[in-house]
Amino acid sequence: MLSRASSLSLLLLLVAGAELAAAAEIRGQVALRHLGVLQGEAEVDGRRLISVALLPRSAAATGRPRTHVIRVRDGHFEPLYLAIRRGDRVRFVNQAGVYHELFSLSAAEPVHMRLGKSGAGANSERDFAMTGSWHLFCRIHSRSYARIDVLDAVRIQMIPAGGHFEFEGLEAGRWQLRVAGPGVETQHVEAVAMTSPPPLKLTLAVHGAPGAGQGLAAAPIAIEQLFPAEPDDRGSVGGRRGP
């Protein structure tokens, strides 16, 4: 039979081991590159937002829903790209001083809302209960566009292209990341969570090509570039509900 001191030592070792197992992390950086550009010529474009999502290892992710804000200013959305967890809410705030009529191309869970010029009617909220990508437009302003990716994810970080991400307090082992952004390919990357891991260096291909003498920072982002590269990214025509 173990003595009281031995039992206490064993308990402390078990607690320390559990804390160590939950102290793993995944971190890295995401850069952009036009297709055909040489390996050593990757560029960053801080105007583009990139989402890095940590996907669940087994069952669908759960957690308290959050509220995100998209503002309408001068005929465009800020941010024009947002990744959220299934069940989160998005509040649309009109700060442009003119009417907006928003709609999506999703047949399964369409979005239709009218934003007034001021007052309570200038705001509207929407809960997203299905996974997929929602492409939002304005019937009045043809160049207004926003994309919302709704994911079953443990955590999501939004970073500028060229920025760094870090997920801390994870169980050690293999995880999967989903990395995406407007006008770039979507990647699913396997990563190993560990204590003090080496940073991942991820590169996403950009749709289209820069003009002569232009890099990514000089090339404007067109609406037709903003759709996801994944042909099975369901939200452009609908989505799917969680289990």
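The values are calculated or read from the model by the stated rules, or taken from the named source; none is laboratory data. Computed from a predicted model, the values in this text were never measured in an experiment. All Cβ positions, even for glycine, are placed from backbone atoms using ideal geometry, and neighbour counts span all protein chains on display.
So residue 173 ticks every box in (1) surrounded by fewer than 19 Cβ atoms within 10 Å (Cβ to Cβ); (2) under 14 Å from residue 55 (Cβ atoms); (3) in contact with a Leu (Cβ under 8 Å, 6 or more places away or on another chain) but one. Which box is left unticked?
(3)
Can you name every one of the strands (runs of 3 or more DSSP E) wholly within the range 1-112 that holds 3 or more residues which are closer than 29 Å to residue 173 by Cβ, in the same structural domain as residue 190 (by TED's automatic domain parsing) and modelled with pLDDT of 70 or more?
Ranges flagged: 24-34, 49-55.
Here is a list of conditions, (1) over 16 Å from the mean Cα position of the chain (by Cα); (2) closer than 18 Å to residue 77 by Cβ; (3) at pLDDT 95 or above; (4) of a type outside the set (Val, Ile, Thr), and residue 141 meets all of them except one; can you say which number that is?
(3) is the only condition that residue 141 fails.
In the list 161, 180, which residue meets the criterion of being among the aliphatic types (A, V, I, L, M), at pLDDT below 95 and not assigned by TED's automatic domain parsing to the domain that holds residue 101?
161
Output the number of residues of the range 189-208 satisfying the condition of being touching a residue at least 60 places away in the same chain (Cβ under 8 Å) and either within 12 Å of the chain's Cα centre (by Cα) or assigned to a strand (DSSP E or B) (or both).
11
Would you mind stating whether residue 128 is under 17 Å from the mean Cα position of the chain (by Cα) and within 20 Å of residue 83 (Cβ to Cβ)?
yes
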